[in-house]
Amino acid sequence: MSTDVPTDVLVEAGGVSFALHKFPLVSRSGKIRKLVAGDSRELDVSFIKLSDLPGGPEAFELAAKFCYGINFEISVTNVATLRCAAEYLDMTEDYGDGNLVARTEAFIDEIATQNLSNAVAVLHSCESLLPLAEELKIVNRCVDAAATEVCREQLSSLSSHTDFSNSERMETLQPKGPVDWWAEDLSILRIDFYQRVLAAMMSRGLRHETIGAALMHYAHRALKGFNRKQVARDSSRTKLKVHDSATAIEHEQRILVETIVSMLPREKNSISCSFLFGLLRTALILDTTMACRIDLEQRIGMQLERATLDDLLVPAFSYSGDTLFDVDIIHRIVVSFLKQESDDNKVMYESDGGASPSQSALMRVAKLMDGYLAEVAPDPNLKVSKFIALAELFPDHARLVDDSLYRAVDIYLKAHPALSDLERKKLCKLLDVQKLSQEACQHAAQNERLPVQMVVQVLYYEQMRLRTAMTTSFVDGEQVGPYSQKAAGPGGLSAAISPRDHYSSIRRENRELKLEVARMRMRLTDLEKDHVNMKEGIQKTGSSSKFLSSVTKTLSKLNPFRFKDSSNVPNAKSGMNSRRRRHSIS
């Protein structure tokens, strides 16, 4: 601001001093005019201190240039700062036409809020200008502009898929590739501003799958620098003090995770199960509120059938030397899943046959939990009560075969040789001997880690299965027809049976038929083996008879009394033949 006229006012803004002239400043700024007029000291140079000026010395320098008539560019990165500084300095139309307040307002309305990138840039610059930027409605205008632009983009994308069916459209719009460009733009915002933008989008009807994909992208970016060392401490840690630099970062990350969880869509499968497990691990490390963790557990329970074994292996962050993996959390998640499945079973699923979607999900989760039990079984600190509690959660029809559960029990017995006989018996009560395959039964019969009662049950069942296979004949088609006709009845479904009970009975009969088919296959295999053995024995017996017959014929030819009476040779031959038939060994 150098001119030939000596300066007559010294302005300090944000610790930086500016030597300026009174006339340009007081002609545009009502605040500076009041401060200069209120200075009763007769000094050659007045002193003004603006300690709380929004934007600091950079904002005041631009405002001073405007007062001097020096050209500079108003952009999306400085318009919010200039608008707040102009409001603070009272640079309204009362102190000159086209003052800084009017110029910045026009820029915000005509340029900043006309597209998403400009609105996000202005909104990002408002983070350090609160609460004044909030009072001036800059934040609200930018939030509404950003949400409107995103929804307009999604509507144009939907219009190009109007010829698809609902299922095809759902599959097409799922975020399979790179994230949408607008999600990348929004990810630079602070969590509170980001939350407001997403809330505005949801109020405008944006799809929950799109909201979920944007949240996943934001969480990955915001928690990229997450460092577990910042929060690793012993179990006797004291209450957090936010003024400490390390705990201040942890506090911000805790608030970030809790806010992200609160914004997750409630619809099922809108967020991937692996992402939810990752958030749960982060929440455990940061020691978020119990409500946040319970919310995540319930969301995971809604779609547990989509989880993998690696997802379930949640480390224990208690630092108390208990177990390697957090078994209690998995227990609560499975309970939540089973409760959800129980509620789903109240709905009638009409299908041509087979298990319902709920039943198939239950069987997948049961198989997944058997694998999880096998993974955590070697942990020497895992109590037998917790192992049994996890295995007992599922009903009997959730497992068609108990081989995976038997493997987990065997691993646990091998890793815990000091178990008492009573604890071993409790573990083996988890198994249904009749659901073990032939290979598993053979292994169990020779397993020294199992209680004697268990081995006896396995051997007894194998003996009964073999006896049944030898004595039971197959039921022919004529016997099956009347039975099925009797079960179904001439008029189809009886009116006395409710649809829900009929559906449950069909599911139960399907499970029994599957088990019966498996047993019949094993019996057929055993019968084929017995048939082959009997055939080989018969062949061996037939070859021995032929050998004895040939020996007898050879000995008869060597008889010296064969032709004793030469005059009666034919009669002798016939008599010899008759004697040979009577005394033949064969």
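The values are calculated or read from the model by the stated rules, or taken from the named source; none is laboratory data. Nothing here was measured: the structure is a model prediction, and the numbers come from that model. No Cβ is skipped: glycine too gets one built from the backbone with ideal geometry, and neighbour counts run over all protein chains shown. Calculation scope for accessible area: heavy atoms of the full protein, side chains included, ligands and nucleic acids excluded. Shrake-Rupley method; radii C 1.70, N 1.55, O 1.52, S 1.80 Å.
Out of the residues in segment 423-447 that are more than 18 Å from A366 (Cα to Cα) and open to solvent by less than 30 Å² (accessible area, probe 1.4 Å), which is nearest to the chain's Cα centre (by Cα)? Here the answer is A440.
If the condition is being over 12 Å from R103 (Cβ atoms), in a loop (DSSP other than H, G, I, E, B) and open to solvent by less than 40 Å² (accessible area, probe 1.4 Å), then segment 66-77 contributes S75, V76.
If only residues of segment 8-27 that are open to solvent by less than 60 Å² (accessible area, probe 1.4 Å) and in a helix (DSSP H, G or I) are counted, the one that is nearest to G69 (Cα to Cα) is P24.
Of everything in segment 66-93 that's charged (D, E, K, R) and without any contact (Cβ under 8 Å) to a residue 12 or more places away in the chain, which residue is nearest to K22 (Cα to Cα)? Outline the logic, then answer.
Step one: filter segment 66-93 for residues charged (D, E, K, R), giving 73, 83, 87, 90, 93.
Checking the rest, the ones that are also without any contact (Cβ under 8 Å) to a residue 12 or more places away in the chain come to 73, 93.
Numbers: E73: 24, E93: 19 Å.
Within segment 66-93, the match that is nearest to K22 (Cα to Cα) is E93.
Checked against the criterion of being open to solvent by 40 Å² or more (accessible area, probe 1.4 Å), farther than 22 Å from L515 by Cβ and modelled with pLDDT under 95, the candidates S351, S420 yield just one match: S420.
A quick yes/no check of all residues on (1) modelled with pLDDT under 85; (2) surrounded by fewer than 14 Cβ atoms within 10 Å (Cβ to Cβ); (3) in a loop (DSSP other than H, G, I, E, B); (4) under 25 Å from the mean Cα position of the chain (by Cα):
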| site | (1), (2), (3), (4) |
| --- | --- |
| L206 | no, no, yes, yes |
| I211 | no, no, no, yes |
| L215 | no, no, no, yes |
| A219 | no, no, no, yes |
| G225 | yes, yes, yes, yes |
| A232 | yes, yes, yes, no |
| S235 | yes, yes, yes, no |
| T238 | yes, yes, yes, no |
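The numbered conditions (1) in contact with a Pro (Cβ under 6 Å, 6 or more places away or on another chain); (2) modelled with pLDDT of 95 or more are all true for G371 except (1).
Residue count for segment 400-414 under the criterion of being crowded, with 20+ Cβ neighbours inside 10 Å and of a type in the set (A, V, I, L, M, F, W, C): the result is 4.
Among the residues of segment 110-126, which ones are open to solvent by 50 Å² or more (accessible area, probe 1.4 Å) and either in contact (Cβ under 8 Å) with a residue 12 or more places away in the chain or touching a strand residue (DSSP E or B) at 6+ places or on another chain (Cβ under 7 Å) (or both)?
Residues of segment 110-126 open to solvent by 50 Å² or more (accessible area, probe 1.4 Å): 110-111, 114-115, 117, 124.
Scanning segment 110-126 gives I111, Q114, N115, S117, H124.
In segment 310-326, the residues that are exposed (fewer than 15 other Cβ atoms within 10 Å of the Cβ) reach residues that are modelled with pLDDT of 85 or more and part of a helix (DSSP H, G or I) with C-beta atoms within less than 8 angstrom, at least six apart or across chains, in these pairs: P315/R281.
With respect to the conditions (1) assigned to a helix (DSSP H, G or I); (2) touching a residue at least 40 places away in the same chain (Cβ under 8 Å); (3) open to solvent by less than 60 Å² (accessible area, probe 1.4 Å); (4) closer than 30 Å to A145 by Cβ, A63 falls short on a single one, namely (2).
Condition check for D109 on (1) out of contact with any Lys or Arg (no Cβ under 7 Å at 6 or more places or on another chain); (2) assigned to a loop (DSSP other than H, G, I, E, B): one failure, at (2). Kindly evaluate A389 against the criterion of being outside any helix (DSSP H, G or I) and of a type in the set (G, A, S). When the stated conditions are applied, A389 does not pass them.
Somewhere in segment 366-379, is a residue over 25 Å from the mean Cα position of the chain (by Cα) and part of a helix (DSSP H, G or I)? Write out each step before concluding.
Taking segment 366-379 first, the residues over 25 Å from the mean Cα position of the chain (by Cα) are none.
Within segment 366-379, not a single residue is over 25 Å from the mean Cα position of the chain (by Cα) and part of a helix (DSSP H, G or I).
Scanning segment 359-399 for residues that are polar (S, T, N, Q) and more than 17 Å from K425 (Cα to Cα), which turns out surrounded by the most Cβ atoms within 10 Å (Cβ to Cβ)? Top of the filtered list is Q359.
Look at N99 and say whether it is over 16 Å from S125 (Cβ atoms) and open to solvent by less than 50 Å² (accessible area, probe 1.4 Å). Steps first, answer last, please.
On the way: over 16 Å from S125 (Cβ atoms): yes; open to solvent by less than 50 Å² (accessible area, probe 1.4 Å): yes.
Against the criterion (over 16 Å from S125 (Cβ atoms) and open to solvent by less than 50 Å² (accessible area, probe 1.4 Å)), N99 qualifies.
For segment 263-286, the candidate set comprises residues that are without any contact (Cβ under 8 Å) to a residue 40 or more places away in the chain and in a helix (DSSP H, G or I); within that set, the residue that is surrounded by the most Cβ atoms within 10 Å (Cβ to Cβ) is L276. In segment 287-309, of all residues being more than 28 Å from S404 (Cα to Cα) and of a type in the set (S, T, Y), the one that is least open to solvent (accessible area, probe 1.4 Å) corresponds to T288.
The number of residues in segment 112-148 that are farther than 23 Å from P57 by Cα and in a loop (DSSP other than H, G, I, E, B) comes to 4.
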